[in-house]
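Below is one structure, written out as structure tokens; comments come after it.
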Amino acid sequence: MIAYAYLYLVCISLLAASALYLSKKEYKALQYLPPIVLLYMITMLLSSWGLFEKNEEITQSYTTLKSNLLPAMIFLMLIPNKMTEILRLGPKMLFAFLFASLSLISAFILVFMLFRLEASDIEILTPLAGSWMGGTGNMLAVASAIHSSENAIGITMLIDSVDYSLWVMFLLMLVPFSKRFNAYTKASDPVNDADTQNSCALSFSYRAYFWLLFSALTISLLSQVSGVLLSGLLIGSPTTWSVLLATAAGILFSFTPLADIKGINGTAKAMLYLLIALIASRADIHFELALFSYLLAGLAILSLHAFLMFVFAKLFRFDLFTLSVASLANIGGIASAPILCAAYSQSMVGIGVLMASLGYIIGTFAALFLYEVLSWLV
């Protein structure tokens, strides 16, 4: 059993680094079990088996590192996503993406009522909504904002991994039927204009990179201090305000030279993996049959989402490519939306990247809105 904070942090860092290493490999098995999910599952199992002692020293290290890393990660995650580039997608793509997000929110609400879920389930569903309308970073931001327990986050990760994998396979299976679908909805073929690519960073500079780190850590500090002050004046917890302020800062700073510094994505990803390992190290989950009900709830959400998207396509004559990419840009994010685009045409990959980037921006806000709705329904 690990009882010392330094040894605990070394172990967490080693687990995160190992998962990051695997994320750069192209093993076939990783298509079905992404490294970030594998990291959470392994760390969670080690925690459940009692590897990490939950004493005061370790708890203090966990709390300090997690609370300071989260706003910095959100800030870095959003910097590369310039709204001006995302708007180049055009009204059709943006409309499809926003409807996909809206249909997911509606599906979450309907499943919450139909399954007669309890108030405690909100801390599972809301972070899941953050992930399915943005990405894992949004999930962590929302989970921290609403104070989800480590066990709840573990269930969220399980639903996200299993149901998301099934959804990706389903959308890929639909690719050969695009012409028939478009003929049924009377939609025109998607425009083959994928010039919009994620902006390439400039050459690496240590001076610029340290400015980037300084900015991220300063935003983290300021968002936390401001969060405490705002929570005393307005509704909402300090963590909620900290997450929202870091998100706003990331959007604003995307228009500054910081967005062109090489290493942003890698640094944000490293922070994300470290945060995942930290949270999983506090979980204590024992797999039971009750977990299958959550998996079914996740599948029900995706089924309702699919039905609403189909109705949307028929009413507004949308093609299967736009519909599928809008859906996966929400649910799968930047890791899988470009893959689906490439299945249709290699020239369309840039569309998937930009559409998924939009999810990073709205995912946290949309999920926190859902949290308020579900809390009102209890």
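The values are calculated or read from the model by the stated rules, or taken from the named source; none is laboratory data. Computed from a predicted model, the values in this text were never measured in an experiment. Cβ sites come from the backbone with ideal geometry, for glycine too, and all protein chains shown count toward neighbours. Ligands, DNA and RNA are excluded from the accessible area calculation, which covers all protein heavy atoms including side chains. Shrake-Rupley method; radii C 1.70, N 1.55, O 1.52, S 1.80 Å.
Data for the structure
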| item | result |
| --- | --- |
| Full-extension gain in nm, Phe310 to Asp260, via 0.36 nm per residue minus C-alpha separation | 14.1 nm |
| Computed lengthening from Ala119 to Phe95, 0.36 nm per intervening residue step minus Cα-Cα distance | 5.4 nm |
| Probe 1.4 Å - accessible area at Phe316, Å² to nearest ten | 110 Å² |
| Accessible area expressed per residue, the chain, with surrounding protein chains retained (probe 1.4 Å, Å²) | 47 Å² |
| Centroid-to-centroid separation of region 78-94 and region 134-172 [C-alpha atoms, Å] | 24 Å |
| Partners for Lys92 among lysines (Cα-Cα distance below 18 Å; same-chain residues under 8 apart left out) | Lys186, Lys314 |
| Residue-count net charge about Lys314 - beta-carbon cut-off 14 Å; Lys, Arg +1, Asp, Glu -1 | +2 |
| Extension gain, Lys179 back to Ser237 (0.36 nm per residue minus Cα-Cα distance, nm) | 15.9 nm |
| Exposure ranking of Glu372, Glu57 by accessible area [1.4 Å probe, largest first] | Glu372, Glu57 |
| On Cα atoms only, tilt of 206-233 relative to the major axis of the chain in degrees | 80 degrees |
| The chain - percent relative contact order, Cα under 8 Å, separation 6 or more | 35 percent |
| Protection proxy ranking, peptides 99-110, 351-362, average beta carbon neighbours within 10 Å, highest first | 351-362, 99-110 |
| Nearest 10 degrees, 0 to 90: helix 56-78 Cα axis against the chain principal axis | 30 degrees |
| Helix-only mean residue ellipticity at 222 nm for the chain, each DSSP H run of n ≥ 4 adding -39500 (n - 2.57), per residue, nearest 500 | -24500 deg cm²/dmol |
| Solution diffusion estimate, µm²/s, Stokes-Einstein, region 221-378, Kirkwood Rh from C-alpha pairs, 10 °C, viscosity 1.306 mPa s | 84 µm²/s |
| Mean projected area (nm²) of the alpha-carbon convex hull when the chain is viewed from all directions | 18.9 nm² |
| Acute angle (nearest 10 degrees) that the helix 5-23 long axis makes with the longest principal axis of the chain, alpha-carbon atoms | 20 degrees |
